[in-house]
Ligand code: CA
């Protein structure tokens, strides 16, 4: 399609004889050239790095004679530093640029407007890459793409690694000039967006609640959403008359949500969760929505993040709450091996308006294990069920309008599963549903990222004991390398700063590391650490308060990190007070912290002090925190102090697990403000099992928001008060 367009353009240039192609090598040359552009002209940026370049691309092309901004070679013009792009005018085309190694100094990287009153129309951004172009302040909000104006197209672009706050891409309807816009967003690659740990991590939003009763007429088709995890909403529709079709969602946490606005169509989309936590499907709210012929498979999400959710509304809802579901058409969807379907979800005193005038027909709900996955939260008499099928579910709450008997599935040529039984031929998705070809999205010249294998993928570097031998080895280790310690004593005279993932392993015999600065390891941007079999001692640490064995950078970090501790010993972090094993900074975020088969003793601070986000804004410090098979003795602070405050419901975690571990004399230090051996404030998913607590402060759990699940089982409490669980009271 692209080749065709360029060929067409060349043809037109030949026809007019007036069109010019201008190659520019500096920002000054660009600015001079752009002022003089005529319809059909092309301005070409020379290959190389363009630093601190705020590109303003304005002009008036003609329907078959656009003005084009492109790269000398696609992919070899790299815009870095404090840079961005604004388009204003009409019939403009931008292609081939890469935004990398920097961030926008304004609130947007690519904006389809110059000012509030000067917008872009009939314009197109294509084959452009935005790669980790993040503000270094994690919670400084900005946006990668903002569409304004009308009849614009954003296609075949590659957006990967948005990690700071702010939706990746949005369609704005904030003036008449941007409403009923008929934009097209197609064939883009929306690559991995890590968990943000806060609201504001949507990948695509169309509209805002304020203009949500306005039609947008935006088409979102054939896009690939790959691991778009940011928050509960992958796509948030907040306007009317949009069509989302033919998109592919793979292992993306969250859902496509009809948040506000009416008369939207979601059809022919494929959601593949592959059993990944919190992967969801479609959530229906508002009037006149159509959900047709979507294929949803292997989705694990629950509550508002389930595979399929129909919400209750608020009677006479204000714009920013929940309108009642009215006249929804839900047909021919296949929901296969997924954990949760929620009907009349969110039913409570405020959300009391049940779905009405709605149709649910010819849908296939299949779970191989015949388990019921449907929860009905309120009256669903306003939904007319017919021609649906269930796979012999014994205790299904759905009866009328369902055939409920054993179903055999077969895989069709398109890779999707269909009932073998001819009688069910009209149930579930149609045979002609096409699964998006991933290679048709994004650009061919910029690779899509593979799986996130952070550790143990590189070389092994052997290290001998001594002063700074470990420090020196780390300094030339590459990402994924293993630093292997020979038995003996190691001393670090400097903080070892990690900006890449690294394993430090002692495989042959005891290796003890001491350190002379306020921390042994510091995780900087891009850093992750795995400790395996080592002993860390605080004996040589400075005699001041607030040391750490491991800490993050003291500044905000946009890259999420991992910290894994296995088969290791941590002892004598008791030089002065408040000596933690691990101290993250505010506005840093752990994807995962795991402590396994390890021993901690004589510590004057906490082991994991994830209590730095105290502003109650729904922000927290880590997603999965897991401790198993480990022992903790004589710890003055808490083993884990995890804080997630605020009532915002856009996030998934924190998740906390403590299993098969022993805590003895934990939590009694006078500086332990948590007054707990384990404090969980606002965690969403907690599993504390098979542990022994001896002469320790109690476990304190406080439920703050959502429907948190706390399971405590088979724990022994000796000389330790029973856990204190305080339920959420709004
Ligand atoms: Ca949100």
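Structure notes:
- Beta bridge orientation in the chain: antiparallel %, DSSP, nearest 5: 5 percent
- Rg/Rg_ref, segment 369-487, where Rg_ref = 2.2 N^0.38 Å and atoms are Cα: 2.02
- For the peptides 474-482, 248-256, the ranking by packing is 248-256, 474-482, with the highest mean count of neighbouring Cβ atoms within 10 Å listed first.
- Within segment 21-440, DSSP assigns beta bridges of which about 5% are antiparallel (rounded to the nearest 5).
- Segment 213-235 and segment 676-730 have Cα centres separated by 38 Å.
- Burial ordering of 304, 271, fewest other beta-carbon atoms within 10 Å first: 304, 271
- FRET efficiency, residue 711 to residue 394 (Cβ-Cβ, R0 25 Å, nearest 0.05): 0.50
- Rg in Å to one decimal, and Dmax rounded to a whole Å, for segment 209-281 via C-alpha atoms: 12.3, 37
- At q = 0.13 Å⁻¹, base-10 log of I(q)/I(0) for segment 21-440 (Debye sum, equal scatterers on each alpha carbon): -1.05
- Our Cα-only numbers for the chain put the radius of gyration and Dmax at 27.9, 91 Å.
- Over segment 171-315 - Rg/Rh using Cα atoms and the Kirkwood inverse-distance radius: 0.94
- In plain terms, the residue of 226, 432 with the fewest other Cβ atoms within 10 Å comes first and the most crowded comes last, giving 432, 226.
- Debye log10 I(q)/I(0) for segment 259-414, one point scatterer per Cα, at q = 0.08, 0.10, 0.21 Å⁻¹: -0.21, -0.32, -1.46
- Where both bridge residues fall in segment 57-115, DSSP classifies roughly 5% of the beta bridges as antiparallel.
- The Cα atoms of segment 453-589 give a gyration tensor whose axes a ≥ b ≥ c have a/c of 1.5 or more with a/b no greater than b/c, which makes the shape oblate.
- The protection proxy used here, the mean number of other Cβ atoms lying within 10 Å of each residue, ranks peptides 230-241, 90-101 as follows, highest first: 230-241, 90-101.
- Order of 587, 182 - criterion: other Cβ atoms within 10 Å of each residue's Cβ, fewest first: 182, 587
- Alpha-carbon Rg with Dmax, taken over segment 606-729, Å: 13.4, 39
- Folded to 0 to 90 degrees: helix 2-16 orientation relative to the chain principal axis, Cα: 40 degrees
- Debye log10 I(q)/I(0) at q = 0.17 Å⁻¹ for segment 338-409, Cα point scatterers: -0.64
Rule-based calculations on the coordinates, nothing more; no lab input. It should be emphasised that the depicted structure is a prediction, and the values quoted were computed from it without experimental measurement. Backbone-built Cβ (ideal geometry, glycine too); neighbour counts: all protein chains shown.
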